[in-house]
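Engineer: Below is the structure I would like to discuss, written out as structure tokens.
Please treat every number below as a calculation from the coordinates, not as lab data. Small disclaimer: the values here were computed from a predicted structure and weren't measured. All Cβ positions, even for glycine, are placed from backbone atoms using ideal geometry, and neighbour counts span all protein chains on display.
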Amino acid sequence: MKTITVTELRGNIFKLLDEVLRTGVPIEVNKGGKKVRIVPVEVSNKLQNLVSRPDVINGDPEDIVNTTWEKEVHLDLP
């Protein structure tokens, strides 16, 4: 959670409110040692913030299911 001063809130209030609404992450405002929290009323679905990365897996994703590591990993545990 981000903590800002009243001066920062005054200068960027619209941007900060948009950020809270977009991300769902509250912002704390510190004024004279006391804090006020700005939180969205509606709960946001954080999965909507995920970025699609279609090129992360090169190849067939089904090949990952049958991957074995016995030949690559040598664990000589006592």
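Engineer: How high is the relative contact order of the chain, in percent, counting Cα pairs under 8 Å that sit 6 or more residues apart?
Structural biologist: Relative contact order comes out at 23 percent.
Engineer: Additional query: With only Lys, Arg, Asp and Glu charged, each at its Cβ (+1 for the first two, -1 for the last two), find how big the charge dipole of the chain is about the Cα centre; round to the nearest 20 debye.
Structural biologist: Value, rounded to 20: 1100 debye.
Engineer: Starting with the highest mean, order 55-67, 12-24 by the number of other Cβ atoms within 10 Å, averaged over the residues of each peptide.
Structural biologist: Taking the mean over residues of other Cβ atoms within 10 Å, the ranking is 12-24, 55-67.
Engineer: Please report VAL51, VAL73 as a ranked list, fewest other C-beta atoms within 10 angstrom at the top and most at the bottom.
Structural biologist: Final ranking by Cβ density, sparse to dense: VAL51, VAL73.
Engineer: According to the square roots a ≥ b ≥ c of the eigenvalues of the Cα gyration tensor, what is the shape class of segment 35-78, taking rounded for a/c under 1.5, prolate for a/b larger than b/c otherwise, and oblate for the remainder?
Structural biologist: oblate
Engineer: Projected onto the charge dipole of the chain (+1 at Lys/Arg Cβ, -1 at Asp/Glu Cβ, origin at the Cα centre), which of VAL41, PRO61, LEU9 gives the Cα projection farthest towards the positive end?
Structural biologist: LEU9
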